[in-house]
């Protein structure tokens, strides 16, 4: 039982991070049809900037806020300089552009920072809390809490504000949204900024547990993408569900089966699910008009 | 139809002339090596172009098949006592077989779902290659025994230049001919519209699968050649970034054009060689250049040049 609880908690922690990356994917995809493979780099930027500001003596909360601001600026620049000029390009071309952006950001991080692994001190100490025989890191609670607050904030924003409704309208039909006077360009920029902020926050929350380095983003982007597809592309609730499920599968199989194939679990899961449900768990069946 | 086949012949002749003439201007063995790398990558890119350019299906996991070919010629002779040339064929059969087995369920998917499924497949191959260190040497890779054909030990940059150049010529010839077969026509039809192709009686699932298997075999053969030439292989060759490189070659050169796939390979292989001068800034520059190519030459190099040529010709006529 303690073992089970232990895996459950670590699965939820990792899953919360995947869910945040997947939610970032979904926000950008809904606003612009772009699958942003640089999503993992936002996570890396969040962790790295916070760590280096911390080394420079900046207090942690301020460093975290600055890191999120840096990520938002990078997200807005990515949209303005790389995505906007390529408007109307094919899906594959757009995918290659974002992969190019992720290679570029990784290269920049390698030059600006270094190639070492870096750590941020845990927010409330490293002493584990014992709960029914399982040892839980306080930082895990921070990750889960941060993720829940983010999800609630995003869903309230979509549901209760005019701007949020503009985002939803753009997602469901861009042309119609333009016709009723929504500035879809602003909505796209907003999605890139918001995704970058969510990614950076995820990076700041998880770095005390997993460390970060200039190339930490790539695997996270792949798993976040898998999580978003698992839930059904374009469905924010599906993205969160997909992320948490992937985290749980991964930790339980690492605990009970073999840890050397931990990274394989996400991809085996996505293949098996897609073979049975070609549009993901919560995805709508695509109907094509001829 | 006449002009079509003459342009195919031109592609083949220009390629043959380039392979034959380039050594005349190469100042050192290093150039032979880089050129051989280009031919190998071009072979894989031509195969991927059959899938992406002709059948219109994306694959973000093609390095997986490349890795299967590469490790076949490493594991076969080292652990199983199979001679290298037979291992090369075995690798192609394995890669083609895997593509055939997973092809049907994977190719039923569309768009981004297809992208993530192929990506997952490629990543799984590279994870297996990294983890099964008893067979593969793990993340550090393993040595590959030399290729010996009829008592002739194939080694040296110049020899490999000719071997890989010859393989590329044959691969190009087959791919160019494929365009005019019933399979090529069926692939083009389903690229334009799957529904229309189905209505016209094309067995869509079968032809997509054929394109996937062809692309996998090309990648596997290219992987085997690389491993045999280098005498060493690491799991990076099967990794996600290598898959992205292949896709970028096809798109940068020009989707659907055999010549484009070759040009794309030239660009993507030689660029990093030129960028090594920038040392730490290498990745930064590579990412930047990929973005610039895709933003400003989104149709690809060969189709863009062709359009420019036509414009010039039209201007001269008027």
Residue B:85 versus (1) touching a strand residue (DSSP E or B) at 6+ places or on another chain (Cβ under 8 Å); (2) not in a helix (DSSP H, G or I): which is the lone unmet condition? (2)
So residue A:37, is it at pLDDT 95 or above and either part of a loop (DSSP other than H, G, I, E, B) or out of contact with any helix residue (DSSP H, G or I) (no Cβ under 8 Å at 6 or more places or on another chain) (or both): no
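If you scan the stretch B:29-53, which residues turn out to be closer than 19 Å to residue B:209 by Cα and either away from chain A (no Cβ under 14 Å) or surrounded by fewer than 24 Cβ atoms within 10 Å (Cβ to Cβ) (or both)?
If the condition is that a residue be closer than 19 Å to residue B:209 by Cα and either away from chain A (no Cβ under 14 Å) or surrounded by fewer than 24 Cβ atoms within 10 Å (Cβ to Cβ) (or both), then B:44, B:46, B:47, B:50 are the ones that fit.
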Can you find a residue that is in contact (Cβ under 8 Å) with a residue 60 or more places away in the chain, part of a helix (DSSP H, G or I) and away from chain A (no Cβ under 14 Å) anywhere in the stretch B:100-119? yes
Just checking, does the stretch A:269-290 include any residue being more than 13 Å from chain B (Cβ to nearest Cβ) and either touching a strand residue (DSSP E or B) at 6+ places or on another chain (Cβ under 8 Å) or crowded, with 24+ Cβ neighbours inside 10 Å (or both)? no
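May I ask you to verify whether residue A:159 is surrounded by fewer than 19 Cβ atoms within 10 Å (Cβ to Cβ), out of contact with any strand residue (DSSP E or B) (no Cβ under 7 Å at 6 or more places or on another chain) and not in a helix (DSSP H, G or I)?
Values: surrounded by fewer than 19 Cβ atoms within 10 Å (Cβ to Cβ): yes; out of contact with any strand residue (DSSP E or B) (no Cβ under 7 Å at 6 or more places or on another chain): yes; not in a helix (DSSP H, G or I): no.
Spelling it out, it is not the case that residue A:159 is surrounded by fewer than 19 Cβ atoms within 10 Å (Cβ to Cβ), out of contact with any strand residue (DSSP E or B) (no Cβ under 7 Å at 6 or more places or on another chain) and not in a helix (DSSP H, G or I).
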Of the conditions (1) assigned to a helix (DSSP H, G or I); (2) touching a residue at least 12 places away in the same chain (Cβ under 8 Å), residue B:197 fails just one. Which one is it? (2)
Count of residues meeting criterion [at negative phi and either at pLDDT 95 or above or not in a helix (DSSP H, G or I) (or both)] in the stretch A:25-34: 1
Considering the stretch A:243-266 alone, what residues qualify as being within 14 Å of chain B (Cβ to nearest Cβ), in a helix (DSSP H, G or I) and surrounded by fewer than 24 Cβ atoms within 10 Å (Cβ to Cβ)? A:249, A:253, A:254, A:262, A:263, A:264, A:265
For the stretch A:226-242, how many residues are in a helix (DSSP H, G or I) and within 14 Å of chain B (Cβ to nearest Cβ)? 9
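I'm trying to understand the selection: among the residues of the stretch B:139-154, which are without any contact (Cβ under 8 Å) to a residue 40 or more places away in the chain and outside any strand (DSSP E or B)?
Taking the stretch B:139-154 and keeping what is without any contact (Cβ under 8 Å) to a residue 40 or more places away in the chain, we get B:150-153.
Selection gives B:150, B:151.
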Output for Cβ contacts, cut-off 6 Å, separation at least six or different chains, first residue at the interface with chain B (Cβ under 7 Å from one of its Cβ atoms) in the stretch A:78-92, second in a loop (DSSP other than H, G, I, E, B), reads A:89/B:298; A:92/B:58
Go through (1) in contact with a strand residue (DSSP E or B) (Cβ under 8 Å, 6 or more places away or on another chain); (2) more than 30 Å from residue A:7 (Cβ to Cβ) and name the single condition residue A:136 misses. (2)
With farther than 29 Å from residue B:76 by Cβ, surrounded by fewer than 19 Cβ atoms within 10 Å (Cβ to Cβ) and modelled with pLDDT of 90 or more as the only criterion, which of B:263, B:267 stands out? B:267
Select from the stretch A:106-117 the residues that are at the interface with chain B (Cβ under 7 Å from one of its Cβ atoms) and in contact (Cβ under 8 Å) with a residue 40 or more places away in the chain and write down the one among them that is nearest to the chain's Cα centre (by Cα). A:106
In the list A:195, A:172, which residue meets the criterion of being exposed (fewer than 13 other Cβ atoms within 10 Å of the Cβ), outside the structural domain of residue A:250 (by TED's automatic domain parsing) and touching a helix residue (DSSP H, G or I) at 6+ places or on another chain (Cβ under 9 Å)? A:172
Residues of the stretch A:195-225 being in a helix (DSSP H, G or I) and more than 11 Å from the chain's Cα centre (by Cα), in sequence order, are A:204, A:205, A:206, A:207, A:208, A:209, A:210, A:218, A:219
Before we move on, is residue B:231 surrounded by fewer than 22 Cβ atoms within 10 Å (Cβ to Cβ), touching a strand residue (DSSP E or B) at 6+ places or on another chain (Cβ under 8 Å) and at positive phi? yes
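Quick test for you: out of B:141, B:165, pick the one residue that is under 23 Å from the mean Cα position of the chain (by Cα) and at positive phi.
Among B:141, B:165, only B:141 is under 23 Å from the mean Cα position of the chain (by Cα) and at positive phi.
From the list B:221, B:255, B:292, exactly one residue is farther than 22 Å from residue B:139 by Cβ and assigned to a loop (DSSP other than H, G, I, E, B). Which is it? Break it down stepwise before answering.
On the way: B:221 fails: assigned to a loop (DSSP other than H, G, I, E, B); B:292 fails: assigned to a loop (DSSP other than H, G, I, E, B).
From the options B:221, B:255, B:292, the qualifying one is B:255.
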Do we find that residue B:182 is in contact with a helix residue (DSSP H, G or I) (Cβ under 7 Å, 6 or more places away or on another chain) and surrounded by fewer than 24 Cβ atoms within 10 Å (Cβ to Cβ) in this structure? no
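The values are calculated or read from the model by the stated rules, or taken from the named source; none is laboratory data. Computed from a predicted model, the values in this text were never measured in an experiment. Glycine gets a Cβ as well: all are built from the backbone with ideal geometry, and neighbour counts include every protein chain shown.
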